[in-house]
Structure formats: structure tokens, C-alpha cells
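Structure, as C-alpha cells:
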Amino acid sequence: ARSAYADNPPKWSTALMSFYIALSKPAWTLGLALFCFLLFLGEGGIIKRLLECRAFTVTSRLTYCAYLTHPAIIYCVYGDHLGPMHYSTIWYIIYYLGFLTAVLITSTLVHLLVERPVANLERLTRGGGGGGREGGSGRGNGVKKFQKDDGIKEPLLSISERTIGDFEEGEEEGMEGETDVTIQK
């Protein structure tokens with residue numbers, strides 16, 4: 001197999017190419033690290049505004065889940081083939097669109113059925129809003145309170161601790177520290 005550039009003589013010397021190959025990836029990593037550092041400081045200009053755009057909110061919530069689920073979907077599809085596969089342009093298009101659709105549906109379902117409820121439970125257990133407490137845990141743990149524009153009307157699970165003073169008279173025996181969990185539909 002020949003390279004596409006096999007007939008072109010190199011324009012760089014061997015030493016210069018060696019330096020480029022050795023230092024290009026560390027230089028790229030350093031550049032990204034400095035860029036992230038500037039973004040964390042609040043700098044970044046137009047690129048910062050572009051990255052904070054609300055249009056990226058939905059896709060940013062699904063990308064990690066899609067990253068986790070796509071190998072399983074590909075394995076399931078290719079693992080079911082019994083005979084040889086005949087590759088063509090239309091085959092690639094159909095399989096690509098099929099994988100894309102299956103991964104997006106799967107990642108959406110996993111996000112709604114696993115990630116979102118677990119995030120709600122974590123928010124409730126860490127005191128990051130809900131339950132009438134203001135200010136959260138005060139530790140700066142990165143858990144934010146839900147706001148009206150987050151698209152969440154109420155949590156999927158609501159947890160409240162009842163103490164002896166919260167019970168009716170005669171109901172308090174053997175119920176100290178009981179926790180009620182109710183599922184909202």
C-alpha cells in the first residue's frame with residue numbers, strides 16, 4: 001500500500017520532522033490547558049460566548065452517554081451477522097444513519113431514566129436545593145439548584161425526613177428517623 005504523498009519529496013529536514021512529531025502533541029495539550037485555564041478565569045471572548053450558547057445544552061448532556069452506549073450497539077449489530085458483509089456506499093450510509101439513530105435514542109433514554117434521576121437524588125442528598133433549604137451544603141461541591149429555566153418542574157423523587165415531633169399523637173412509637181420517599185408522576 002502506497003501513501004498518498006509517496007511521490008512528493010519531504011520539504012522538511014529529518015531533524016525538523018522529528019521535532020514536530022515529538023513536540024506537536026504536548027504543544028497541543030499545553031495550548032488546550034492554557035485555553036481552559038483562561039476560560040475558567042472568565043476570559044475567552046467570542047469563543048467563551050459560543051461555548052456557553054444554550055444550543056449546546058441538549059447535545060452536551062447526551063454526548064457522554066452516547067460515547068458509553070455506542071460500542072454496545074455496534075457490537076450487537078455486527079455480532080448478529082452470520083455471513084459476509086458486502087460493503088458499498090449505500091451500505092455505509094444506511095448503517096451510519098441507523099447507528100446514529102439508535103445511539104441517540106439509547107443515550108436519550110439512559111439520560112432520562114438513569115442520569116437525571118440520579119442527579120436529582122444527589123442534589124437532594126447533598127442539599128443543593130429543594131426541601132426549603134437555602135444555600136445548599138456550603139461546601140462548593142458544584143451541585144446547582146434547579147431554576148425555572150432548567151426545564152424541571154419538580155424533582156422525580158422527593159425525600160423528607162420526619163422526626164418524632166412531625167407525627168400525630170400515638171403514631172410516634174418505633175418511627176424515629178423514618179424517611180418518606182414519594183415518587184412524582
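The values are calculated or read from the model by the stated rules, or taken from the named source; none is laboratory data. Predicted model, so just to flag it, every value in this text is computed and none were measured. All Cβ positions, glycine included, derive from the backbone under ideal geometry; neighbour counts span all protein chains shown.
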Being closer than 23 Å to His70 by Cβ, of a type in the set (S, T, N, Q) and surrounded by 15 or more Cβ atoms within 10 Å (Cβ to Cβ) is the filter here, so list the residues in the stretch 80-129 that pass it.
Thr106, Ser107, Thr108
For Glu134, state whether it is at pLDDT 90 or above, surrounded by fewer than 15 Cβ atoms within 10 Å (Cβ to Cβ) and among the acidic types (Asp, Glu).
no
